[in-house]
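**Q** One structure, pasted below without further comment.
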Amino acid sequence: MTTQDLAQRIFNFSAGPAALPVSVLEQVRDEMLCLPGAGSSLLEMSHRDKQFVDILHAAEADLRQLLSISDDYAVLFLQGGSRFQFSMIPANLLRGTQKTAHYLVTGSWSKSAIAEAVKEGAIEKVWDGAEKNYSTLPSAGELRIPDDSAYLYYCSNETIQGVQFQSEPACPAGVPLVCDASSDFLSRPLEVDRYGILYACAQKNAGPAGVTVVIIRRDLLPLGSADLPGYMLYRNHAENDSEWNTPPTFAIYVLGLVAKWLQREVGGLDAMAQQNREKADLLYSVIDEYSDFYQGHAARDVRSRMNVTFRLPDDESQGRFLAGAAEQQLGNLKGHRSVGGIRASIYNAMPREGVQTLADFMRSFASQG
Ligand SMILES: *Cc1c(COP(=O)(O)O)cnc(C)c1O
């Protein structure tokens, strides 16, 4: 990137689509006109072209390596975003069965998921955080999930409220655990073997908008009934290597570059998790230090390391906060319209320097009132 381009880049705290690693953007720029050896841009290339198929396979292999995904799971690259998974999951795992699916409602995204799932079959809410305005999560021993449940659904990180599970909710052995990991996918290591389905749209932490990664245990593939629209059947995608129809080639290519960045520059998901923990601590320690000025939304033990949500004393100070932050090149900090306040999304690609700049700004803003 030219120095001028780089200088114009703000510290981007957008919740999604969100910041990408600069080295990834530079490589995309360098390869835009002609992918080395291809004779054309990737944007102009058939999804059946061997060079693209190799890119697709490498992206899958790198995800498998990063998350230690075994061959018991298929890794799919789908379109429709995470919201389409809200329907696709119950369509495959619930529709036409006599079973009930169980949902944890911990914030806006799991609430939206349930609104789609009720169209497909019987749903039971086993936990709902509405009473505390979605600032808490269920405790480990609190949940009772029947052994014959179709699946247990939860969202590992509620992007809007900023609450995050630090471990999986307890789920009976025979019940598939289904997780919307859209906003913390690749932020930390995971035990994929615990899940039936784990999915994430890319545009928060893993790449650009346009592709959703679905990691699905292969024994669940036969479940969808053949009268579903073909696109909605997981097995169509699994049997055709995510090329049942044209996949989002560019988004998959960039996601693959992000996976390589995690492997080569960051050093894997343990190292990434460590950096993310440190970045989050920088902000939460200011919130705690100035607790009469900043009010964190999430209860302490469920604070998200990806989306840090807090409020200022009033609208006036919040307006000045956002304006002052913008002067420091700190952008996109306004909270979601449904929660208000401030939200700092500090995904993998947000450098520590950006978080430190925000923490310093928060300190000086709070001391000046
Ligand atoms: C952004 C987000 C979604 C919605 O993703 P789309 O790709 O816009 O459908 C769903 N769940 C979570 C946790 C998200 O952060």
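**Q** Roughly how big is segment 26-265's charge dipole about its Cα centre, with Cβ charges of +1 (Lys, Arg) and -1 (Asp, Glu), in debye to the nearest 20?
**A** Around 340 debye, computed over segment 26-265.
**Q** Roughly what would the spin-label model give for Val118 and Glu142, points 7 Å off Cα along C-beta, in nm?
**A** Label-label distance for Val118 and Glu142, simple model: 2.2 nm.
**Q** Still on this model: May I ask you to rank Arg48, Arg9 by accessible area, largest first, using a 1.4 Å probe over the protein chains only?
**A** Arg48, Arg9
**Q** Please work out whether segment 107-171 counts as rounded, prolate or oblate from its C-alpha gyration tensor, where a ≥ b ≥ c are the square roots of the eigenvalues and a/c under 1.5 means rounded, while otherwise a/b larger than b/c means prolate and anything else oblate?
**A** Judged from the Cα gyration tensor, segment 107-171 comes out oblate (a/c at least 1.5, b/c at or above a/b).
**Q** Mind ranking Ser291, Ser345 by accessible surface for me, highest first, 1.4 Å probe?
**A** Sorted descending by solvent-accessible area, the residues read Ser291, Ser345.
**Q** Next up: Give the dimensionless ratio obtained when the Cα radius of gyration of segment 268-368 is divided by 2.2 N^0.38 Å.
**A** 1.02
**Q** Using DSSP, restrict attention to beta bridges with both residues in the chain and report what percent are antiparallel, rounded to the nearest 5.
**A** 55 percent
**Q** Less than 10 Å Cβ to Cβ from Asp72, Lys/Arg counted +1 and Asp/Glu -1: what total charge do the surrounding residues give?
**A** With Lys, Arg at +1 and Asp, Glu at -1, the neighbours total -1.
**Q** Let me ask you something else. Given the -39500 (n - 2.57) contribution per DSSP H run of 4+ residues, what per-residue ellipticity at 222 nm results for the chain, rounded to the nearest 500 deg cm²/dmol?
**A** -10500 deg cm²/dmol
**Q** Where does the charge balance sit around Ser242 when Lys and Arg score +1, Asp and Glu -1, over other residues with C-beta under 15 Å from its C-beta?
**A** Net local charge, Ser242 excluded: -3.
**Q** Expected output is a single nm value to one decimal: the length gained when fully extending between Gln329 and Ser285, i.e. 0.36 nm times separation in residues minus the C-alpha distance. What is it?
**A** 13.7 nm
**Q** Compute the accessible area per residue over the chain, keeping the other protein chains in place, probe 1.4 Å, unit Å².
**A** With all protein chains present, the chain gives 43 Å² per residue.
**Q** Take the alpha carbon gyration tensor of segment 176-249, find the square roots of its eigenvalues, order them as a ≥ b ≥ c, and report rounded if a/c is under 1.5; if not, report prolate when a/b exceeds b/c, else oblate.
**A** oblate
**Q** Roughly how many nanometres apart are two label points built 7 Å out from the Cα toward the Cβ at Gln51 and Arg352?
**A** About 3.8 nm, to one decimal.
**Q** Right, here's the next one. What does DSSP give for segment 136-217 in terms of the percent of beta bridges that are antiparallel, rounded to the nearest 5?
**A** Antiparallel: roughly 50 percent of the beta bridges in segment 136-217.
**Q** Quick one: accessible surface of Phe84, probe radius 1.4 Å, all protein chains present, in square angstrom to the nearest 10.
**A** We get 60 Å² for Phe84.
**Q** Given a 1.4 Å probe and the protein chains all in place, what does the accessible area of Asp270 round to, in Å² to the nearest 10?
**A** Taking all protein chains as shown, Asp270 has close to 120 Å².
**Q** Kindly provide log₁₀ I(q)/I(0) values, in the same order as q = 0.12, 0.13, 0.14 Å⁻¹, from the Debye equation applied to equal alpha-carbon scatterers of the chain.
**A** -0.92, -1.06, -1.20
**Q** Picking from Gly129, Gly267, Gly39, which is most flexible by a Gaussian network model of the chain using Cα springs under 10 Å?
**A** Gly39
**Q** Kindly write out, for segment 288-295 in residue order, the coupling ³J(HN,Hα) from the Karplus curve 6.51 cos²θ - 1.76 cosθ + 1.60 (θ = phi - 60°), rounded to whole Hz, with x marking Gly and Pro.
**A** Residue by residue, segment 288-295 yields 6, 5, 10, 6, 7, 10, 9, 10 Hz.
**Q** Among residues other than Leu233 whose Cβ falls under 11 Å from its Cβ, what is the net charge (Lys/Arg +1, Asp/Glu -1)?
**A** Result for the neighbourhood of Leu233: -1.
**Q** While we're looking at this one, here's another question. Largest first, what is the accessible-area ranking of Arg217, Arg303 with a 1.4 Å probe?
**A** The ordering from most to least exposed comes out as Arg217, Arg303.
**Q** Which entries in Lys125/Lys334; Lys132/Lys279; Lys204/Lys334; Lys99/Lys125; Lys119/Lys204; Lys111/Lys132 show an alpha-carbon gap greater than 19 Å?
**A** Distance filter (> 19 Å) returns Lys125/Lys334; Lys132/Lys279; Lys119/Lys204.
**Q** I'd like the accessible area for Glu289: 1.4 Å probe, protein heavy atoms, all chains in place, Å² to the nearest 10.
**A** 100 Å²
The values are calculated or read from the model by the stated rules, or taken from the named source; none is laboratory data. Predicted model only: the values in this text are computed from it and were never measured. Note that we place each Cβ from the backbone using ideal geometry, even for glycine, and neighbour counts take in every protein chain shown. Quick note on the areas: whole protein, heavy atoms, side chains included, nothing else; ligands and nucleic acids left out. Shrake-Rupley method; radii C 1.70, N 1.55, O 1.52, S 1.80 Å.
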